[in-house]
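Scroll down for the structure; my scribbles are underneath it.
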Ligand SMILES: [Zn+2]
């Protein structure tokens, strides 16, 4: 049923879309011309457009533990209004059909987990039914780090407009109101072998998700890493990172910890093969895709 296994856990990627998000040098403000030339040389096809835009995939992972079906990060969603991101406004895609093709109906999901509460990781938390945003996964508890939730909730209360305000309003608050949210510490253990770990910087309360089953280890990295080029240049933070310095420190520590350790790294935005192992290489790292 699953496409790959981490010990006894099954993993399936559910792709919503791929999109040329931004010119590489504006998404990675510290990417020099020389570095860009090296990136063009090393990244596989599909990661960079001919005019050097970074191509990002928007996908979820289904984690089948044998006990629970867990959906991790819920992409952008249909029918949402995204004034800061017109290309993602009023989308109408095949996400739920893709989920069904992977053997999963909305009612089959036991837990939804979000690495952070940006609009492109919470979108399918809800769907529009008769003009109202309702939880897409009626039987699921939605696990969110409390620190991350508190940050965006405080931002929301100020009334200030920002790129993540609409997403919080239409994809997080309805989950709270429906009493489907479980706000947890950012080292919360969901079940045996599944636990959160704080990895702040991309967003104030961003977490990564650790998996351990048998001899295998897995890691869902959320947005602490966006693109394969960050293994070649781990210092590079993105313009989407709230705190570029903290994101840099935490990303490098995470990469160093898992490099050569055999961990299956499940990345959030990689085109094509998004699960792989990190290997050390000279003064940097390499991502060897496996799925
Ligand atoms: Zn993000």
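The values are calculated or read from the model by the stated rules, or taken from the named source; none is laboratory data. Since the model is a prediction, treat every value here as computed from it, not as a measurement. We place every Cβ from the backbone using ideal geometry, glycine too, and count neighbours over all the protein chains shown.
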* Structure fact -> Listed by first then second residue, the pairs whose first member lies in the range 113-125 and is over 11 Å from residue 169 (Cα atoms) and at pLDDT 95 or above, whose partner is part of a helix (DSSP H, G or I) and near the ligand (Cβ under 8 Å from one of its atoms), with beta carbons under 9 Å and at least 6 positions apart or on separate chains, are 114/121; 115/121
* Only one of (1) surrounded by 13 or more Cβ atoms within 10 Å (Cβ to Cβ); (2) closer than 17 Å to residue 270 by Cα is not met by residue 95, so which one is it? -> (2)
* **Checklist (1) more than 16 Å from the ligand (Cβ to nearest atom); (2) at negative phi; (3) in contact (Cβ under 8 Å) with a residue 24 or more places away in the chain; (4) surrounded by fewer than 21 Cβ atoms within 10 Å (Cβ to Cβ) applied to residue 257, failing item** => (3)
* Filter result for the condition that a residue is within 16 Å of the ligand (Cβ to nearest atom) and closer than 19 Å to residue 27 by Cα, over 235, 186, 243 -> 243
* Asked: If you check every pair at least six apart or on different chains, which have Cβ atoms under 8 Å apart with a residue in the range 202-226 that is touching a residue at least 60 places away in the same chain (Cβ under 8 Å) and closer than 18 Å to residue 59 by Cα first and a residue that is part of a loop (DSSP other than H, G, I, E, B) and away from the ligand (no atom under 13 Å from the Cβ) second?
  -> 207/186; 218/263
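Being away from the ligand (no atom under 14 Å from the Cβ) and under 16 Å from residue 16 (Cβ atoms) is the filter here, so list the residues in the range 108-127 that pass it. Spell out how you get there, then give the answer.
Residues of the range 108-127 that are away from the ligand (no atom under 14 Å from the Cβ), as a first pass: 108-113, 124-127.
Hits for the range 108-127 are 109, 112, 124, 125, 126, 127.
Can you name the residue in the range 3-37 that is in contact (Cβ under 8 Å) with a residue 60 or more places away in the chain and surrounded by fewer than 15 Cβ atoms within 10 Å (Cβ to Cβ) and is also nearest to residue 276 (Cα to Cα) among such residues?
Narrowing the range 3-37 to residues in contact (Cβ under 8 Å) with a residue 60 or more places away in the chain: 3-9, 11-19, 22, 24, 26-31, 35.
Going one step further and asking which of them are surrounded by fewer than 15 Cβ atoms within 10 Å (Cβ to Cβ), we end up with 3, 8, 26, 29-30.
Numbers: 3: 13, 8: 17, 26: 26, 29: 26, 30: 26 Å.
If we take residues in the range 3-37 being in contact (Cβ under 8 Å) with a residue 60 or more places away in the chain and surrounded by fewer than 15 Cβ atoms within 10 Å (Cβ to Cβ), then 3 is nearest to residue 276 (Cα to Cα).
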